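Remarks on the structure that follows.
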Amino acid sequence: MDLYVPIIVLGVLAAVFAVGSVAMASLTGPKRWNRARLDAYECGIEPTPQPVGGGRFPIKYYLTAMLFIIFDIEIVFLYPWAVAFDLMGIFALIEMVLFIVTLLVAYAYVWRRGGLEWD
């Protein structure tokens, strides 16, 4: 249990900071309520009524999210590999080169198909 004490203390400290920040903001923040403040914020554009099903999102949102996930997973694999590179030898180097080449092929495919162009 002694090994977990610093982690628990850090978790409690983070929770106290988060709750304290929200409490202090609500206590010290301005209390001026008006119509503009109560309206939904849509980047300065007047809010429009949504269709019954919530409307359709352009496929570009999903492609961007998938690209983010792919490159996020790349970092998850590259960081431990870079830390333990000396211990793994030439086999790990070849495997990582194949992994990066696969990602570059996927990146080139998305680039050629126009997945990185935002209209």
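The values are calculated or read from the model by the stated rules, or taken from the named source; none is laboratory data. Source: prediction; values computed, not measured. For neighbour counting, all protein chains shown are included, and Cβ atoms are generated from backbone atoms with ideal geometry for every residue, glycine included.
For the range 106-119, what are the residues that are surrounded by fewer than 10 Cβ atoms within 10 Å (Cβ to Cβ) and modelled with pLDDT of 85 or more?
ARG112
Taking the range 72-85 as the region of interest, how many residues are without any contact (Cβ under 8 Å) to a residue 24 or more places away in the chain, surrounded by 13 or more Cβ atoms within 10 Å (Cβ to Cβ) and within 15 Å of ALA106 (Cβ to Cβ)? Outline the logic, then answer.
Of the residues in the range 72-85, the ones without any contact (Cβ under 8 Å) to a residue 24 or more places away in the chain are 72-73, 75-85.
Pick out the ones that are also surrounded by 13 or more Cβ atoms within 10 Å (Cβ to Cβ) and you get 77-78, 81.
From the residues that got through so far, the ones that are within 15 Å of ALA106 (Cβ to Cβ) too are 77.
The number of residues fulfilling the criteria is 1.
Filter the range 18-70 down to the residues that are within 27 Å of the chain's Cα centre (by Cα), modelled with pLDDT of 75 or more and among the β-branched types (Val, Ile, Thr) and list them by number.
Hits for the range 18-70 are VAL19, VAL22, THR64, ILE69, ILE70.
Any residue at all in the range 86-100 that's more than 21 Å from the chain's Cα centre (by Cα), loosely packed, with under 10 Cβ neighbours inside 10 Å and in contact (Cβ under 8 Å) with a residue 40 or more places away in the chain?
No, that holds for no residue.
Applying the selection to the range 76-96, what residues are in a helix (DSSP H, G or I) and either within 22 Å of MET66 (Cα to Cα) or not aliphatic (A, V, I, L, M) (or both)? Working first, answer last.
Our first condition is that a residue be in a helix (DSSP H, G or I); within the range 76-96, this holds for 76-83, 85-88, 90-96.
Passing the criteria: VAL76, PHE77, LEU78, TYR79, PRO80, TRP81, PHE85, ASP86, PHE91, GLU95, MET96.
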